[in-house]
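**Q** One structure follows; several queries about it will come next.
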Amino acid sequence: MHDQRLKDIVPFVASVESGSFAAAAERLHLTGSAVSKSVTRLESRLGSRLLERTTRSLKLTDAGNAYYQTCLRIMEELAEAEAVLAAQRSIPSGRLRVAVPNTYGRLGVMPVLIPFCQQHPELEINLTFSDRFIDLFDEGIDVAVRIGGSPDVPASLGCRQMGRERMVFCAAPDYLERAGRPGSEEALLQHQAIMYERVDGSTKPWLFTTADGHPHWRNVPHRMALGDVDAQVQALCGGLGVAQMPSWLVREPLARGELEIILPEQQPDGLALTLIWPRRKQLLPKVDALLAALEGLQIR
């Protein structure tokens, strides 16, 4: 029974990808009749129609599409299992799916990923940029780079913390010339604040460190609230006010003199940078090689 299930999956997937039984048959070196019978047998066993047939093409039904996605995952996992066991697969190769945050992915991960890709030309990289929480299993992700999120990771996932953000207060020199350079926390709160706006419409408070080293958060009256960190940097460089930003995000504007750090003694730790991956994939050469390369990521 189980052998037949696997045998029927391959003609079904080939039919979907090729667009017809005849094209699938040519791809699999079978007859069109054999492919058609295999798919019909599969539908009969499942008790559901998977494909709508016309004289010119095949179209997936809703049930067929769901089953097709499952078949793809099964075939990919089988291929990966074979890759782990095969000695000749010590060279990283195949498709590697990576998920990264939008801005940090561009500024922090891409400079590491480019030489990695140059070093491993046999790899095919699929890179997803998103700040939302991504389920690695549902979306077939091999490695995810995350900033923040829950510290509790299920046993099915590997996790490696790479450090924490360093938060800095900063503003453009021309703004500070006009408004003055604050020398204390209370003086800073009198300035025009450019805040980060969360999805729920609230603003992220500023983080300070007390004299005895304890963190404390303060909600701040603000001139502007933006739901995008790149826009925050633009507003800062445009002289619209002050903001608390991760140091990695403003490193280049600081180096160019477009921004200045305010209250340098107030640089608390922010969110953690972590690498997350399915444990069952860690032995794959492509995943192991990427995790080693990402050890070079910087967050401070």
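**Q** List, in order, the whole-Hz ³J(HN,Hα) value for each residue of the stretch 175-184 obtained from phi through the Karplus relation with A = 6.51, B = -1.76, C = 1.60 and θ = phi - 60°; use x for Gly and Pro.
**A** Working through the residues one at a time gives 5, 5, 5, 6, 9, x, 9, x, x, 8 Hz.
**Q** Which sequence of His120, His222, His29 reflects their accessible areas, 1.4 Å probe, from the largest down?
**A** These residues rank, largest area first, as His29, His222, His120.
**Q** Give me the three principal axis extents of the stretch 236-300 from the C-alpha atoms, as integers in angstrom, largest value leading.
**A** Reported extents, whole Å, longest axis first: 49, 22, 19.
**Q** Projected area of the chain, taken from the Cα convex hull and averaged over every viewing direction, in nm²?
**A** Here the figure is 21.2 nm², rounded to one decimal.
**Q** To continue, here is another question. With the crude spin-label approximation of a point 7 Å out along Cα→Cβ, what separation in nm comes out for Asp152 versus Glu177?
**A** Computed distance between label sites Asp152 and Glu177 equals 5.3 nm.
**Q** Setting aside same-chain residues fewer than 8 positions from Lys286, which lysines have a Cα under 30 Å from its Cα?
**A** Lys7
**Q** Modelled label-to-label distance, Phe137 and Ile125, 7 Å Cα→beta-carbon offset: nm?
**A** Those two pseudo-labels are separated by 2.8 nm.
**Q** Extension gain Leu78-Lys204, at 0.36 nm per residue separation less the Cα-Cα distance, in nm?
**A** 40.9 nm is the gain from fully extending Leu78 to Lys204.
**Q** Just for the Cα atoms in the stretch 128-172, what are the lengths along the principal axes, largest first, rounded to whole Å?
**A** 43, 21, 14
**Q** Grab the DSSP H runs of the chain that are 4 residues or longer, score each as -39,500 (n - 2.57), total them, divide by all residues and round the 222 nm result to the nearest 500 deg cm²/dmol.
**A** Per the formula, -11500 deg cm²/dmol.
**Q** Going from most exposed to least, what order do Leu275, Leu30 have by accessible area with a 1.4 Å probe?
**A** Largest accessible area first, the residues go Leu30, Leu275.
**Q** Run the quick spin-label model on Leu60 and Leu6: label points 7 Å from Cα toward the beta carbon, then report their separation in nm to one decimal.
**A** That separation, rounded to one decimal, is 2.3 nm.
**Q** Most mobile of Thr209, Thr40, Thr128 per a Gaussian network model of the chain (Cα springs, under 10 Å)?
**A** Thr40
**Q** For the stretch 1-73 and the stretch 260-285, what is the separation of their Cα centres, given in Å?
**A** 44 Å
**Q** For Cα pairs less than 8 Å apart in space and 6+ apart in sequence, what is the mean separation divided by the residue count of the stretch 162-300, i.e. the relative contact order in percent?
**A** Value for the stretch 162-300: 42 percent.
**Q** Based on the Cβ-Cβ distance of Cys117 and Gln282, what FRET efficiency does E = 1/(1 + (r/R0)^6) give at R0 = 22 Å, to the nearest 0.05?
**A** For R0 = 22 Å, the calculated efficiency reads 0.60.
**Q** Next question, about the same structure. What residues of the stretch 185-200 lie in the reach of a label at Leu107, counting those whose backbone N is under 17 Å from a point 7 Å from the Cα along Cα→Cβ?
**A** Flagged as within label range: 194-197.
**Q** Given Cα pairs under 8 Å that are at least 6 residues apart, what percent is the relative contact order of the chain?
**A** Relative contact order, the chain: 22 percent.
**Q** What number, in percent, do you get for the relative contact order of the stretch 167-219 if the mean sequence gap of Cα pairs under 8 Å and at least 6 apart is divided by its residue count?
**A** Once normalised by length, the contact order is 18 percent.
**Q** While we're here: Put one equal scatterer on each alpha carbon of the stretch 175-271, apply the Debye formula with no solvent term, and list log10 I(q)/I(0) at q = 0.15, 0.22, 0.25 1/Å to two decimals.
**A** These q points yield log10 I(q)/I(0) values of -0.58, -1.35, -1.70.
**Q** Determine the gain in length on full extension of the stretch Thr70-Ala272; use 0.36 nm per residue of separation and subtract their C-alpha separation, reporting nm with one decimal.
**A** 69.4 nm
**Q** Can I ask one more? What accessible area per residue comes out for the chain, rounded to a whole number of Å², with a 1.4 Å probe?
**A** Heavy-atom accessible area per residue stands at 54 Å².
**Q** On the principal axes of its Cα set, how long, how wide and how thick is the stretch 2-84? Give whole Å, largest value first.
**A** 42, 27, 20
**Q** Can you list the chymotrypsin sites (Phe, Trp or Tyr not before Pro) in the stretch 103-153 that are in a DSSP coil and have 15 or fewer other beta carbons within 10 angstrom?
**A** Filter output for the stretch 103-153: Phe133, Phe137.
**Q** Please list 3J(HN,Hα) in residue order for the stretch 246-258, calculated via the Karplus relation 6.51 cos²θ - 1.76 cosθ + 1.60 where θ = phi - 60°; whole Hz, with x for glycine and proline.
**A** Result, ordered by residue: x, 4, 5, 6, 10, 4, 5, x, 5, 5, 7, x, 6 Hz.
**Q** Give the ranking of Arg178, Arg56 by solvent-accessible surface, highest area first, calculated with a 1.4 Å probe.
**A** These residues rank, largest area first, as Arg56, Arg178.
**Q** Still on this structure, please answer the following. Round to a whole number: what % of the accessible area of the stretch 74-207 belongs to carbon and sulfur, probe 1.4 Å?
**A** That fraction is 52 percent.
**Q** Can you list residues whose amide H is under 5 Å from Leu96's amide H, if they're 5+ apart or on another chain and H is modeled 1.01 Å from N?
**A** Those lying under 5 Å, H to H, from Leu96 are Glu124, Ile125, Asn126.
**Q** Using amide H atoms built in the peptide plane, which far-off residues or other-chain residues are under 5 Å from Val242 H to H?
**A** Gln192, Ala193, Ile194
The values are calculated or read from the model by the stated rules, or taken from the named source; none is laboratory data. Keep in mind that this is a model prediction, so the values were computed, not measured. Glycine gets a Cβ as well: all are built from the backbone with ideal geometry, and neighbour counts include every protein chain shown. We work out accessible area using only protein heavy atoms, side chains counted, and drop any ligands, DNA or RNA first. Shrake-Rupley method; radii C 1.70, N 1.55, O 1.52, S 1.80 Å.
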